[in-house]
1. Counting just the residues of region A:272-282 that are surrounded by fewer than 17 Cβ atoms within 10 Å (Cβ to Cβ) and under 18 Å from A:Ala203 (Cα atoms), which one comes out nearest to the chain's Cα centre (by Cα)?
2. Mind listing whichever residues of region A:82-105 are open to solvent by less than 70 Å² (accessible area, probe 1.4 Å), in a helix (DSSP H, G or I), among the aliphatic types (A, V, I, L, M) and at pLDDT below 80?
3. Among residues belonging to region B:148-171 that are exposed (fewer than 13 other Cβ atoms within 10 Å of the Cβ) and of a type in the set (D, E, K, R), point out the one that is farthest from the other protein chains (Cβ to nearest Cβ).
4. For region A:117-128, state whether one or more residues are at pLDDT 90 or above, more than 24 Å from A:Leu81 (Cα to Cα) and open to solvent by 40 Å² or more (accessible area, probe 1.4 Å).
5. Output the number of residues of region B:15-61 satisfying the condition of being within 21 Å of A:Gly56 (Cβ to Cβ) and within 52 Å of the chain's Cα centre (by Cα).
6. Return the only residue of A:Arg132, A:Arg157 being assigned to a helix (DSSP H, G or I), open to solvent by 20 Å² or more (accessible area, probe 1.4 Å), under 30 Å from B:Gly16 (Cβ atoms) and out of contact with any Ser or Thr (no Cβ under 6 Å at 6 or more places or on another chain).
7. Mind checking which residues of region A:382-393 are within 12 Å of another protein chain (Cβ to nearest Cβ), exposed (fewer than 15 other Cβ atoms within 10 Å of the Cβ) and farther than 27 Å from B:Ala56 by Cβ?
8. Please work out which one of (1) within 14 Å of chain A (Cβ to nearest Cβ); (2) touching a Cys at 6+ places or on another chain (Cβ under 6 Å) is the condition B:Arg221 fails and give its number.
Amino acid sequence: MSGRIEGQYFGKTEPLLWLYVKTALLTLVTLGIYRFWAKTRIRKYVWSATSGENDGFEYTGTGLEKFLGFLVALVILAVYLGLFQLLLTFLGLAILPQDDSPTAMIAQSVAINLNFLAVMPLLLFAQYRARRYKMARTRWRGLRFGMENGAWGYVGRALWYTFLSSITLGILAPLATFRLEKYMVDRSWYGDAQFELLGRWQALYPGMKHVFIGMGLLVGATAMVSAGIYWNVIGAIVFGGLFVVVAYVWIIVGTIIFRVYSFNYLTRNAVLDEEVVFEAHLDPTHVVMKVLIGFAAATIAPGIILGILGAIVGAVFFAVSMGGPSLDTGGAIEGLAIGGTVLFALGYVSALLLVGAIWMVMVTQPIVAHAVTNITVHNSDHLELIRQRSADKGADAEGFADALDIGGAL
Amino acid sequence: MSASFGRFFDGESGLGLTVELHVDIAAETLRLTHEDLPMGSQYWPLWAIRALSDQARDDQLVLSLKADASLDSALIKTARLTVDDADMVATLRRLCTDLTKKDIAHGTLRKVVTRSGLAAGAIALMIFVILPAMAGTFATLIPIEREIAWGRAIMGQMERSLGGRGADLVCRNPKGLKALETMTTRLTERADIRYDLDISVFDHRMVNAFAAPGGQIVLMRGLIEKAKGPGEVAAVLGHEIGHVEARDVTRNALRTAGSAGLLSMVLGDFSGGSAAVVVANYTLNASYTREAETEADLFALKLLAGSSTNAEGMADFFDSLSKLERLGPSLPTYLASHPETTTRAEAARAFARTQGYTTPILSQREWKDLRSICD
């Protein structure tokens, strides 16, 4: 078997920006209902921009099925949380101490936070279902992708591995990343061909280098600050504080690098139908730069807009109130105050919209483009032997993810 | 027209065919020709051709057929045809009138309406039927000593929220306490009360009273001052005892916790933070259902009758409440969820007319003592 396919990406900034702004405005005027259609349309764009051997991907999901799935998930979650809260309060009353003592207070606040723990498995459930839905709604060369039903198995494993990597302060994060990805990849299909993830979880450790350096820095910096406070050395506190900030940034950047590294490794170790293999060489520096520049732009641009708006409103208000008795200022000032508030509220909403749009065209799309164009499929001739798989209803159409508001830009 | 080509996927295998395309204007069809196609060719009616929407590439068209327009077989139902050739793209854009049409399946609107209705119905059923019923059942399962302990905690919170941290609002004038005890005893001596009542007066100008779980009842100084006679205070006290006996506070707290958890989902905040706030607020403000209020009124009337106290006092109290209500929106929260006070006054007055001989529940002297309980 032979043949190779290089990934291509045809998306451009301007059309996607326009699509994003258009759908975001529609979402705004429909009080959020349109968001299911908005996300679907953005996905259609990004999927169709992704191409292999000039054959584009296709996203076949619809906004309507997402909306209906959301309704179902919403009702299930609402009923679940209603019952859960009632039972929790009942148990709190029947078991927990009810007085003003600190133990009682702690017990009560723990009980309240149980609510989050109650949602945690559902978040993981939603995560798996969302990925499954996206796979089921993706086609390439007319063949569907798909994923087996296994959300609860994923929940159990994800809880366990998350627990493991939390108690080891992230040292076992590669294990969690690898095993969870393997669980999902091994259940993924393209047509009637199954994926499989080979490789070892220990191989992800080189990617953790900068996370560990950042953590080391953080320990050092914290020690420096503590020592500074203990011996009352101002310089040590200031420098230590500075190093704490540096350490946090280092950890965040290190995490991005780790994710790129593991993406490369996991892609290289995936096999389709025991024949087709993949190569990925994404550049961590490139991805980090995209994120940092996008973050800067998303922080600065709305600030400028709000600043200019605030200045205009302030200046007009000032001019009118200084206009003196020659103007009928009573009503004018009131009107201006209302107008200014409305203008400012609009500015706020458009700033939010702008952040989303900037992130979409400056971070999400460029990173997708970078990933797609750095993936190569080998033994691609085998792809022609693959047949269609039966359609997957995808029952809730990622409604749980929408109800729980997870899943990010795509 | 010169031959142009497109890439065809039948939706059954991953094998792409480079098909020859030919538009037959007279027959209004697009012919796809390739030796590997069944019968060597396929005919796509121009009116049934749809282009995928929101595509990133404007130099090509990805075509499919309207779902129910497959002429010969299921084969072309999921088929896709990619056309790169600029002339062909232009031709198809011109001739296929419904190229960008969105085909909405039959019954879509009905589906949306039914599902939305079902969702709203399920949530309403939960809030108004299932959660209250469950709250009622669970409330009876909580041991009384638990209820009492919890009631103490609520009293502590209430005292702090009214008077600030460390405040001692409880009125302790011995003569006043004696009068209050006399009133309570007279009111309840003929009734079978399951709880040990613990009644106190808070030194606060609010015209209000509330029952905490487990038999603890608080009257505010403002209420006693506002009352024109001991009968009015007795009526309020009887009402609160009614709430205690019916375990309304506990039931209410459970119901509110459930609805808050549910609503936090609907309103899009599931972390539980705001839910906790809502629960806390509602528990303190203890707004009951209208049924619970009416039941408590009936209970109070029964107590008044049992102690031969004229129910006219209750009517008077509601009358002065309705005057307060007219004063504006700064209503004591206690009143907010109560049934229309004028209706309640009428009910009490009607009851009073059926009463025979009545005596004041406190003597003039005892009433004076009660009014000075916070001195």
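1. Kept after step one, since they are surrounded by fewer than 17 Cβ atoms within 10 Å (Cβ to Cβ), are these residues of region A:272-282: A:274-275, A:279, A:281.
Narrowing the set further to residues that are under 18 Å from A:Ala203 (Cα atoms) leaves A:279, A:281.
Details: A:Glu279: 25, A:His281: 22 Å.
Among those that are surrounded by fewer than 17 Cβ atoms within 10 Å (Cβ to Cβ) and under 18 Å from A:Ala203 (Cα atoms), it is A:His281.
2. A:Leu93, A:Ala94, A:Ala104
3. As a first pass, look at region B:148-171 and keep what is exposed (fewer than 13 other Cβ atoms within 10 Å of the Cβ): B:161, B:164-166, B:168.
Of the ones still in play, those that are also of a type in the set (D, E, K, R) are B:165, B:168.
Details: B:Arg165: 11, B:Asp168: 14 Å.
Checked region B:148-171; the qualifying residue farthest from the other protein chains (Cβ to nearest Cβ) is B:Asp168.
4. no
5. Qualifying residue count, region B:15-61: 12.
6. On the way: A:Arg157 fails: under 30 Å from B:Gly16 (Cβ atoms).
The conditions single out A:Arg132.
7. Initial filter on region A:382-393 (within 12 Å of another protein chain (Cβ to nearest Cβ)): A:382-391.
Retained after the next criterion (residues that are exposed (fewer than 15 other Cβ atoms within 10 Å of the Cβ)): A:384, A:387, A:390-391.
Within region A:382-393, A:Arg387, A:Ser390 qualify.
8. (1)
The values are calculated or read from the model by the stated rules, or taken from the named source; none is laboratory data. Only a predicted model underlies this, so the values are computations on that prediction, with no experimental measurement involved. Every residue, glycine as well, gets a Cβ built from its backbone with ideal geometry; the counts of neighbours run over all protein chains shown. Accessible surface areas use protein heavy atoms only, side chains included; no ligands, DNA or RNA. Shrake-Rupley method; radii C 1.70, N 1.55, O 1.52, S 1.80 Å.
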